[in-house]
Amino acid sequence: MKKLATLLICMTSTIVLLAQENQDKVIQKIDRLLEKELKKKNVHNVFLSLYSPTDDFEWHVAKGAFKDGREVSTQNPFYTASIGKTFTATAIGILVDQGKISFEDPIAKYLSPELMEGLHNMEGVDYGDSIRISHLLQHTSGIPDYLEEPIDGSPGMLDLILTEPDRFWEPEELVSFSKDHFKPTFAPGTDYYYTDTEYVLLGLIIENIGEMELQEFFLTHIFTPLKMDHTYLNLRPKPIHPTRQMAEMYAGTHEISMIESLSADWAGGAIVSTGKDLIRFQIALREGNLLSTETFKEMQKWVKETKGMSYGYGLRKISFKQLFPILPDWEVIGHSGMNGTSMYYCPDLDMYLVGTLNQLEASKDAVMLMVKVLMECKKR
């Protein structure tokens, strides 16, 4: 029996050693992928976090440097851009679970007549009263996007963010900008069109129903309960615990992480966070620690976004095989951001992934990087 026990111990130790060696090789390969991204034009820092509960695997890495030469670390939070839409949608879900609101409520019930006036007039018809909260969440309202280029030739919001960096944008101003410079694209509920204007309206609804500012709602109902100590809404109150400087973000050659005009993001994508905090958020969302099972299921009502991508309520689903037929038949659910951020869960691998390239010109590269990283994770 002693010999058998010794043999079993040796076999177990060998298996663990081999597994660790294989895991180390995978990490080395992923590390090389990140180094390759870092060498690309205008990419100054790269962050990646991976976690698999099934395999008891967790890895966090940051590469690159600040303009002054200081190296970034995993303790530096980063701008998550449109990942913030998942937080806003979750906040709406919390209000639904509290019985204060319904996904199918008309938005006019919670917004002022002044804000609703001229919000969705198309071909002589005012569709304002037909817009539901679900339409805003799913980008099916037909409301135009204030971040697009105006058809009247005037400066767009992205131009103004860069040329008026000291300007602080209030949410109502963003809605007014949309109404003044754009036209609706279709009647509510008849098509899909991604627009940040909808999420600004959702933020205002959260403030009206929750009876507190958006950042306070996030802090009270999400950040504090989940101990997301290094997560906050940009240009608003500080995080729960002292947190290092936000990693620098770029729009081409322009470093924009500290400008006041980023206030134009707000409920559509102004969350600043770390890989660890975002993984904690995803786990809580999936395991029912934030929303009821029914509400989270409702958030996964998918409509087609584009090839290989579907959209729910503040959630995006990417189907690898639809993107590229040679890839495995995997799906990831979460959200992306225009600055190359990713926050996804892959059920097929039981793997959470969070990362950023912190460059507005690198959003497509970020999707490809996620695919490559998960393909390497398969080999563990």
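Would it be correct to say that residue 252 is more than 26 Å from residue 129 (Cβ to Cβ), without any contact (Cβ under 8 Å) to a residue 12 or more places away in the chain, of a type outside the set (D, E, K, R) and surrounded by fewer than 21 Cβ atoms within 10 Å (Cβ to Cβ)?
Here the answer is no, as residue 252 does not meet what is asked.
Specify the residue that is modelled with the highest pLDDT; the eligible residues are those in the range 151-168 that are within 18 Å of residue 182 (Cα to Cα) and acidic (Asp, Glu).
Restricting to residues being within 18 Å of residue 182 (Cα to Cα) and acidic (Asp, Glu), the top hit is 159.
Any residue at all in the range 258-268 that's modelled with pLDDT under 95, part of a loop (DSSP other than H, G, I, E, B) and surrounded by fewer than 20 Cβ atoms within 10 Å (Cβ to Cβ)?
yes
Looking at the range 116-145, which of its residues are aliphatic (A, V, I, L, M) and buried (at least 18 other Cβ atoms within 10 Å of the Cβ)?
116, 119, 131, 133, 136, 137, 143 - these are the residues of the range 116-145 that are aliphatic (A, V, I, L, M) and buried (at least 18 other Cβ atoms within 10 Å of the Cβ).
May I ask you to list the residues in the range 220-240 that are at pLDDT 95 or above and out of contact with any Ser or Thr (no Cβ under 9 Å at 6 or more places or on another chain)?
Scanning the range 220-240 gives 220, 224, 225, 226, 227, 233.
Could you count how many residues in the range 355-371 are among the hydrophobic types (A, V, I, L, M, F, W, C) and in contact with a Ser or Thr (Cβ under 6 Å, 6 or more places away or on another chain)?
Total satisfying the criteria: 2.
Which helices (runs of 4 or more DSSP H) does the range 36-153 wholly contain that include 2 or more residues that are β-branched (Val, Ile, Thr) and within 25 Å of residue 346 (Cα to Cα)?
84-97
Evaluate the range 101-124: report whether one residue or more is in contact with a Leu (Cβ under 9 Å, 6 or more places away or on another chain) and within 17 Å of residue 185 (Cα to Cα).
yes
Tell me, yes or no, whether the range 269-286 has at least one residue that is among the hydroxyl-bearing types (Ser, Thr, Tyr), out of contact with any Gly (no Cβ under 9 Å at 6 or more places or on another chain), under 20 Å from residue 156 (Cα atoms) and assigned to a loop (DSSP other than H, G, I, E, B).
Within the range 269-286 (the criterion being among the hydroxyl-bearing types (Ser, Thr, Tyr), out of contact with any Gly (no Cβ under 9 Å at 6 or more places or on another chain), under 20 Å from residue 156 (Cα atoms) and assigned to a loop (DSSP other than H, G, I, E, B)), the answer is no, since none of the residues qualifies.
Mind listing just one residue for me: the one in the range 306-342 that is hydroxyl-bearing (Ser, Thr, Tyr) and part of a strand (DSSP E or B) and, of those, most open to solvent (accessible area, probe 1.4 Å)?
Of everything passing the filter in the range 306-342, 306 is most open to solvent (accessible area, probe 1.4 Å).
Of the numbered conditions (1) open to solvent by 50 Å² or more (accessible area, probe 1.4 Å); (2) farther than 19 Å from residue 192 by Cβ; (3) modelled with pLDDT under 95, residue 148 satisfies every one except a single condition; which is it?
Status for residue 148: all satisfied but (2).
Mind checking which residues of the range 287-305 are in a loop (DSSP other than H, G, I, E, B), of a type outside the set (Ser, Thr, Tyr) and surrounded by fewer than 17 Cβ atoms within 10 Å (Cβ to Cβ)?
287, 288, 289, 300, 301, 302
Residues to consider are 273, 261; find the one that is of a type in the set (Ser, Thr, Tyr), within 28 Å of residue 237 (Cα to Cα) and in contact with a Leu (Cβ under 9 Å, 6 or more places away or on another chain).
261
Which pairs turn up if I take residues in the range 102-114 that are over 23 Å from residue 173 (Cβ atoms) and of a type in the set (A, V, I, L, M, F, W, C) and look for partners that are outside any strand (DSSP E or B) and modelled with pLDDT of 95 or more with beta carbon separation below 6 Å, at least 6 apart in sequence or on another chain?
What qualifies is 103/133; 103/134.
Going by what's in this entry, would residue 26 be described as closer than 13 Å to residue 373 by Cα, in a helix (DSSP H, G or I) and at pLDDT below 95?
So residue 26 passes the test.
Given the structure, is residue 345 buried (at least 23 other Cβ atoms within 10 Å of the Cβ) and either of a type outside the set (Asp, Glu) or touching a residue at least 60 places away in the same chain (Cβ under 8 Å) (or both)?
no
Considering only the range 249-265, I want to know if a residue exists there that is closer than 19 Å to residue 138 by Cα and either in contact with a helix residue (DSSP H, G or I) (Cβ under 6 Å, 6 or more places away or on another chain) or of a type in the set (D, E, K, R) (or both).
Yes, the conditions are met somewhere in the range 249-265.
The values are calculated or read from the model by the stated rules, or taken from the named source; none is laboratory data. Everything numeric here is computed off the predicted structure, so don't read it as measured data. Cβ coordinates were reconstructed from backbone atoms using ideal geometry, including for glycine residues, and neighbour counts include every protein chain displayed. Heavy atoms of the whole protein, side chains included, go into the accessibility calculation; ligands, DNA and RNA do not. Shrake-Rupley method; radii C 1.70, N 1.55, O 1.52, S 1.80 Å.
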